[in-house]
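Before any comments, here is the structure.
Just so it is clear, none of the values below were taken in a lab; they were calculated from the coordinates. The shown structure was predicted, so the numbers you read here are calculated from the model rather than taken from an experiment. Here Cβ is always computed from backbone atoms with ideal geometry, including for glycine, and neighbour counts include all displayed protein chains.
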Amino acid sequence: MKGLKNKVVIITGAASGIGKATALRFAEEGANIVVADFADGTATVNEVLDKGVQAIYVKLNVTDPESVQAMVAKTIDTFSKVDVLINNAGITKDAMMKKLTKEAWDDVVNVNLTGVFNCTAAVLPHMLEQKSGVVLTTSSVVGLFGNLGQTNYAATKWGVIGMTKSWAKEMAKNGLRFNCVAPGFIATEMVKKIPEQVLNEKILIKVPAGRLGEPEEIAAAFAFLASDDAKFINGTVLSVDGACTL
Ligand code: CAA
Ligand code: NAI
């Protein structure tokens, strides 16, 4: 991909799953990586370092603005700039609407929606000053089409699309780009929580590709959208879902 070498890329939720695969893909493209996660990200950092680029782990809680500010400050102290933010940290707390608690609603909104606000707000002053930057956010097929048992999650994954489109309209003139990737069902810890019968009999049978996606297939979409190959792509949502939305 064009233009990713020596870029500084913050990836939230990079200790595992899609975030970890994305860190490794950007490292292969020659970018330096900030692994920002609530969980321990040192394993990701070590694998990134093996690819010959620089990387740091910063413990981050995206719901806490002070933690987010500290993570961005550490990034600037270490690398002097931030070129790309990938808002990828996310959680599920699934329940049918009739059983959905206010606590499960709040928890998912705080991480998946407010967390995206917090992280984007913290990098913006730097990107606006340097007149360049890319913010990518992990939405979901569930944000676009809804899903049984996912009222809270669907609201957040649709919400980040609205935020992304608004930011593109506000700040394209400043040289900034904002896009979402909407994965289908991807083989990570998150999908392991789906009851086996539901996954096999209700979800996978509707995926024309006939399989779960791999985290690396989402990482490739992020790499493309962050690269100069995508420099006229702004405010869009790229579905990577094995055609399960057709
Ligand atoms: N799609 C279609 N049908 C579903 C479904 C789904 N996602 N989830 C549940 N159902 C069906 C069940 O098969 C069951 O059908 P039958 O009555 O015909 O057997 C019915 O709905 C009720 O389900 P449960 O008996 O499991 O009800 P419950 O109240 O015990 O549990 C639940 C409800 C917590 C939502 C549980 O069913 C569940 O976890 N479902 C999976 C939800 C899901 O798809 N989550 C995606 C997580 S991965 C992710 O979110 C990443 C991403 O972006 C794609
Ligand atoms: P995952 O559970 O492997 O990774 C999520 C990461 O986010 C974890 O490392 C976790 O520690 C981190 N995290 C959670 N809360 C945090 C917080 N408050 N602060 C900082 N980090 C936090 O799951 P996966 O699948 O890799 O998920 C990554 C993103 O992709 C999520 O936003 C998810 O909603 C989204 N997604 C996943 C799909 C899938 O099928 N796996 C499909 C569509 C979207």
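Considering (1) over 19 Å from Gly13 (Cβ atoms); (2) in contact (Cβ under 8 Å) with a residue 40 or more places away in the chain, the lone condition that Lys102 does not fulfil carries the number (2).
In segment 9-38, the residues that are on the phi > 0 side of the Ramachandran plot reach residues that are of a type in the set (Asp, Glu) and away from ligand 1 (no atom under 16 Å from the Cβ) with C-beta atoms within less than 9 angstrom, at least six apart or across chains, in these pairs: Gly13/Asp37. Close Cβ contacts (under 9 Å, 6 or more residues apart or on different chains) running from residues in segment 82-96 that are under 7 Å from Val9 (Cα atoms) to residues that are within 14 Å of ligand 1 (Cβ to nearest atom) comprise Leu85/Thr137. Count of segment 134-151 residues, restricted to those that are within 12 Å of ligand 2 (Cβ to nearest atom) and surrounded by fewer than 24 Cβ atoms within 10 Å (Cβ to Cβ), is 6. The residue list Thr156, Thr151, Thr188 contains one member that is closer than 18 Å to Ala121 by Cα and hydroxyl-bearing (Ser, Thr, Tyr), which is Thr156. If you check Gly3 against the conditions, is it surrounded by 16 or more Cβ atoms within 10 Å (Cβ to Cβ), in contact (Cβ under 8 Å) with a residue 60 or more places away in the chain and either under 30 Å from Ile194 (Cα atoms) or out of contact with any strand residue (DSSP E or B) (no Cβ under 8 Å at 6 or more places or on another chain) (or both)? In short, yes.
Scan segment 190-217 for residues that are within 17 Å of Gly13 (Cβ to Cβ), part of a helix (DSSP H, G or I) and near ligand 1 (Cβ under 10 Å from one of its atoms) and the total you get is 3. Tallying residues that are in contact with an Asp or Glu (Cβ under 9 Å, 6 or more places away or on another chain) and either in a helix (DSSP H, G or I) or of a type in the set (D, E, K, R) (or both) within segment 116-143 yields 4.
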